[in-house]
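Here the structure is laid out as structure tokens; the discussion comes afterwards.
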Amino acid sequence: MVGLSAQRINAIDTLRGIVMALMLVDHVREFFFLHRQVGDPMDLSSVDPALFFTRLASHWCAPIFVFLTGLCAWCYGRKFADPRPATSIYLLKRGLFLIILELTLINFAWTFGCKRSTAPPGRQGPSLL
């Protein structure tokens, strides 16, 4: 399968978009259901059906993303004659890049500082950076 053209698969992008929309609905549900605080949004006997079904649908997001990650890694690897080393190196580099991005840019965007404290507010604790 060496020499395959590098084209995107629309079904993967569509499914990823649908899952991201479901995650968006789950994350903004707190805004829409702020006036109805509930203990467990999965308890059908005590919640609104809309809240229950948005929460139920969002439970599919993480497994689908994990599936899509594996599928995309497989699609990347089938471009090579020996896919295991090439795919492993690519995923290692990508993972390291994401870790560095989390510890630098994302950390700074949340805290507007260079130190990341793990202590509760009001107490000074050790920092990761």
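The values are calculated or read from the model by the stated rules, or taken from the named source; none is laboratory data. This is a predicted model, so every value here is computed, not measured. Glycine gets a Cβ as well: all are built from the backbone with ideal geometry, and neighbour counts include every protein chain shown.
Please determine whether any residue of the stretch 66-80 is out of contact with any Lys or Arg (no Cβ under 7 Å at 6 or more places or on another chain) and either farther than 26 Å from N10 by Cα or among the basic types (K, R) (or both).
The answer is yes; a qualifying residue exists.
Restricted to the stretch 62-80, and to residues that are surrounded by 14 or more Cβ atoms within 10 Å (Cβ to Cβ) and part of a loop (DSSP other than H, G, I, E, B), which residue is nearest to the chain's Cα centre (by Cα)?
Looking at residues that are surrounded by 14 or more Cβ atoms within 10 Å (Cβ to Cβ) and part of a loop (DSSP other than H, G, I, E, B), I get K79.
Name the residue that is surrounded by the most Cβ atoms within 10 Å (Cβ to Cβ), counting only residues in the stretch 43-60 that are over 17 Å from the mean Cα position of the chain (by Cα) and of a type outside the set (A, V, I, L, M, F, W, C).
That would be T54.
Cβ-Cβ below 7 Å, separation at least six or inter-chain, first residue in the stretch 57-78 and assigned by TED's automatic domain parsing to the domain that holds L24, second aromatic (F, W, Y) and modelled with pLDDT of 90 or more: which pairs?
Every condition considered, the pairs that remain are Y76/Y90.
Could you tell me which residue of the stretch 81-129 is modelled with the highest pLDDT, considering only residues that are in a loop (DSSP other than H, G, I, E, B) and touching a Phe, Trp or Tyr at 6+ places or on another chain (Cβ under 9 Å)?
The residue in question is C114.
Collect the residues in the stretch 10-20 that are surrounded by 11 or more Cβ atoms within 10 Å (Cβ to Cβ) and either among the aliphatic types (A, V, I, L, M) or closer than 9 Å to S58 by Cα (or both), keeping them in residue-number order.
I12, L15, I18, V19, M20 - these are the residues of the stretch 10-20 that are surrounded by 11 or more Cβ atoms within 10 Å (Cβ to Cβ) and either among the aliphatic types (A, V, I, L, M) or closer than 9 Å to S58 by Cα (or both).
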